[in-house]
Every structure is written in C-alpha cells, then in structure tokens.
Amino acid sequence: MSIHLRAHAFAANPLRGLTGPASAAAAAVSSSAAADALRSLLDGADTADHHHLSKVLPFRRGRPLTRSPDPPAPSPSSSSPAPPPAWRLAWLPPSRVPGVPSDVFVFLGSHGGDGDGEEAAAYWAVDVSEVEGARFGGAGDGSAFVDLRTLMVAADWRDKDAMGELAIAGHARALLEWHSTAKFCGACGAKAVPTEAGTRKQCRNESCKKKIYPRVDPVVIMLVIDKENDRVLLSRQSRFVPRMWSCLAGFIEPGESLEEAVRRETWEETGIEVGQVIYHSSQPWPVGPNTMPCQLMVGFFAYAKSLEILVDKKELEDAQWHSREDVKRALTFAEYEKAQRSNAAKVNQICKGVERGGQSISSDLSVESEEASPMFVPGPFAIAHHLISSWAFEGAPKVPSSFSSL
C-alpha cells in the first residue's frame with residue numbers, strides 16, 4: 001500500500017497566502033491592519049461591522065480548541081459503513097476571549113476575499129492556559145482542547161480541508177510555544193516583547209533592541225539503503241510503541257551541511273558509513289517537545305558504503321537491515337485507515353466530554369490489527385512513512401554519476 005499526499009502533514013497551510021488565485025492574494029490582510037482591527041474589537045468598537053472578520057483559535061497547554069460533530073447517519077439502503085467523525089478547529093470571535101491583552105494574540109494569516117470588494121478574514125491564535133474566568137470547551141459545548149498528536153492521527157489524509165486545519169494548528173502551536181520559551185533577549189537578558197502581530201519579538205532594552213525570530217530546529221531524517229542486497233536500515237528507540245521501526249534521524253550541528261549531518265548521524269548511531277545522499281522532501285513537525293516547538297524534518301535517501309551495524313545503545317534500542325518484501329508486508333499489514341477512524345472517534349468522544357484528552361501518545365500512534373504484525377512503520381502523517389514507502393514500492397531515485405566518487 002503506497003499512500004500519496006498532496007503535501008506532508010503540517011505543510012500546505014491555507015493561511016500562509018502562497019496558494020490560490022491571485023485575487024485572493026490581493027485581498028490578503030496585512031499583519032498591521034489585522035492587529036489594528038483586533039484591538040478595536042477587543043476594546044468593544046466596530047463589533048457590528050468587523051466581528052466576523054477576526055477569528056481566534058484558543059490553545060491550552062499546547063492543545064487547540066476542537067469541535068467534532070457526529071457524522072450523518074448512513075442511508076438504510078447503504079451497505080457502506082458510517083463515515084468517521086471529522087474534527088475541525090473551533091474558531092471563536094474575539095468577544096469570546098475576554099480579559100486577554102491584544103499583544104499576546106499571534107497572527108496566523110488571512111483567508112477568503114476576492115480582491116474585488118470582499119474582505120478576507122484574519123485568523124489568530126492565543127494561549128488561554130492562564131486565563132481565569134473564561135470557559136472554553138466542555139460537555140454540552142461540543143468542543144474541547146485536544147492534543148495535536150491525537151488530531152494528527154485522527155485527520156483523514158484524503159481530506160484537503162482536514163489537512164489544512166492540521167497545518168494551521170501546527171503553525172499556531174509552534175508560534176505559541178516559541179512565545180512561551182523566548183521571553184528574554186539572548187543578547188542582554190532584557191524582556192522580549194511581541195512585534196508584528198506576534199510573528200516576531202524584539203528586546204525592549206533601548207540600547208539593544210535585538211530582533212528575535214521564531215525558532216526552527218532542522219533535523220535530517222534518512223532512509224539508509226543497501227542497494228546491492230535490496231534492503232534498508234530501520235531503527236527502534238525505547239520510546240517507540242512496540243513493533244514500530246522507523247528511519248534514522250538527528251539534529252544538524254553548526255557548521256555542517258545537510259549531507260554531512262546525514263553521514264555523521266548514521267555513523268554515530270549505527271556505525272554504517274554512508275556515501276551518496278539524495279534529497280526526498282521536507283516536513284514541518286510541530287509536535288516535538290515544548291523546547292523545540294517546530295522541528296523541520298529534511299528527508300533523504302542515503303546509500304550505505306559499509307554494512308556491519310554497531311548500535312549506539314545510548315541513542316537507539318536496535319537497528320536492523322530489512323528486506324524490501326519485509327517492508328512491503330509491514331506497510332500492507334499496518335491498517336492506517338483503522339487507526340485514523342478509531343482516533344477520529346476518540347476525538348469525537350473527547351469533544352463530547354465522554355473521554356479525557358490526555359491519553360498517552362502510544363495509544364494514539366498504535367496501529368490496529370487482528371493479529372500481531374512482526375513490525376510496522378509510522379503512519380502517513382510522518383515523513384518517515386513516505387521515505388520508506390517510496391523506496392518499497394517505487395524504488396529510490398537513481399544516483400547521479402557525479403556522486404560516484406563519494
């Protein structure tokens with residue numbers, strides 16, 4: 001089973017203004033204009049005319065406010081199973097977020113408008129973890145704060161709107177978590193204050209005024225290939241759910257290229273020497289630890305020059321070579337659609353107040369099956385899945401002759 005996405009999960013954010021017709025781009029709202037309108041709304045002015053043009057997504061402890069209505073009941077004559085519930089972000093008008101100063105709202109972008117009189121709406125995110133007196137979500141309201149990883153697994157990767165919502169939520173979480181950690185200037189230690197509608201920060205020390213930009217942590221993720229024996233190197237970490245294997249990955253160090261990082265990480269973790277390195281794709285990953293709110297996963301195929309594995313047990317639990325047939329069986333056996341449907345139902349129950357939203361990551365990422373599979377790989381929400389399935393079903397790209405001497 002090879003699953004092809006329009007874009008990786010958390011990419012193709014519809015609010016970033018890089019896709020769509022030119023007329024929509026012309027109608028886009030600038031961050032300064034959006035901030036002025038938001039301040040007016042929070043001050044109680046122009047609510048009748050502009051209330052609908054500002055939409056706010058509250059977060060609590062890194063979790064976006066989410067709605068999940070029940071799906072329509074299938075026709076009695078239909079033999080198809082009922083569709084799973086589809087979650088959506090619970091946007092609120094600014095009046096529903098009282099007592100929050102305008103400078104803690106983070107501008108996400110604008111959407112809608114046709115450049116011919118119709119105005120685009122401005123979208124915002126705000127952390128309400130410490131807001132007192134305001135109620136968001138809960139039984140009867142049909143909404144709840146849901147962990148972003150759970151939403152990731154519950155999103156239907158065939159639904160363009162669902163994947164767009166996931167990308168928006170990921171972008172918002174990355175910015176809000178960055179704001180919560182980047183509170184002081186790294187140059188002089190003075191307090192850093194939001195600027196440009198929360199998309200930047202600046203040191204408020206008049207003698208410093210250092211500009212501070214959102215943090216992105218680049219990570220190389222690589223599928224190491226033994227071309228001669230038609231197999232790939234997969235690894236396990238102790239934090240993985242049972243039977244899950246994935247690609248090697250590691251952070252880029254200062255002063256090294258992406259290709260050098262691939263070779264160094266592979267050597268350090270497995271003792272395998274890598275020669276040719278070929279780029280595949282990249283994916284934003286805003287579901288890492290709070291101290292690294294937005295990793296950028298940069299994916300590669302890497303060709304092995306040596307084959308003996310020496311696992312660094314401080315980094316990995318195990319690493320093994322797996323044949324193409326074994327990998328194909330793992331991809332076929334792993335019933336990702338069942339995992340998506342069960343997590344969509346879970347989100348629906350959380351929004352109804354029936355189930356708590358703090359379940360473990362392991363239960364979210366597990367793959368359902370009637371019998372135990374010897375192994376499976378991450379689902380289609382992860383770039384690792386697409387690196388592995390691309391090799392298993394389509395083969396790795398040809399190595400340019402210019403790399404033959406590496």
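The values are calculated or read from the model by the stated rules, or taken from the named source; none is laboratory data. None of these values were measured; they are calculated from a predicted model. No Cβ is skipped: glycine too gets one built from the backbone with ideal geometry, and neighbour counts run over all protein chains shown. Heavy atoms of the whole protein, side chains included, go into the accessibility calculation; ligands, DNA and RNA do not. Shrake-Rupley method; radii C 1.70, N 1.55, O 1.52, S 1.80 Å.
Annotations for the structure displayed:
- Residue match in segment 354-368 (condition: buried (at least 18 other Cβ atoms within 10 Å of the Cβ) and modelled with pLDDT of 90 or more): no
Listed here are the residues, each with its yes/no results for (1) over 30 Å from ILE272 (Cβ atoms); (2) at pLDDT 95 or above; (3) aromatic (Phe, Trp, Tyr); (4) crowded, with 17+ Cβ neighbours inside 10 Å.
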site	(1), (2), (3), (4)
ASP159	yes, no, no, no
LEU166	yes, yes, no, yes
ALA169	yes, yes, no, yes
GLU177	yes, no, no, yes
THR181	yes, no, no, no
CYS185	yes, yes, no, yes
GLU206	yes, yes, no, no
PRO218	no, yes, no, no
VAL232	no, yes, no, yes
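- Segment 294-321 - residue that is within 30 Å of ALA182 (Cα to Cα) and out of contact with any Asp or Glu (no Cβ under 6 Å at 6 or more places or on another chain) and, of those, most open to solvent (accessible area, probe 1.4 Å): LYS314
- Within segment 8-29, tally of residues that are open to solvent by 60 Å² or more (accessible area, probe 1.4 Å) and modelled with pLDDT of 55 or more: 2
- THR195 free of Cβ contacts under 8 Å to residues at least 60 places away in the same chain, among the polar types (S, T, N, Q), in contact with a strand residue (DSSP E or B) (Cβ under 8 Å, 6 or more places away or on another chain) and closer than 30 Å to LEU38 by Cα: yes
- Any hit, segment 125-136, residues being closer than 20 Å to LEU296 by Cβ and either charged (D, E, K, R) or touching a strand residue (DSSP E or B) at 6+ places or on another chain (Cβ under 6 Å) (or both): yes
- Flag if GLU325 is at pLDDT below 95, surrounded by fewer than 15 Cβ atoms within 10 Å (Cβ to Cβ) and either under 17 Å from the mean Cα position of the chain (by Cα) or not basic (Lys, Arg) (or both): yes
- Qualifying residue in segment 174-184 (condition: part of a loop (DSSP other than H, G, I, E, B) and polar (S, T, N, Q)): no
- Filtered residue count, segment 39-76, keeping only those that are modelled with pLDDT under 80 and of a type in the set (A, V, I, L, M): 5
- Of all the listed residues (ARG96, ARG149), the sole one being closer than 30 Å to ALA339 by Cα, at pLDDT 80 or above and either aromatic (Phe, Trp, Tyr) or open to solvent by 30 Å² or more (accessible area, probe 1.4 Å) (or both) is ARG149.
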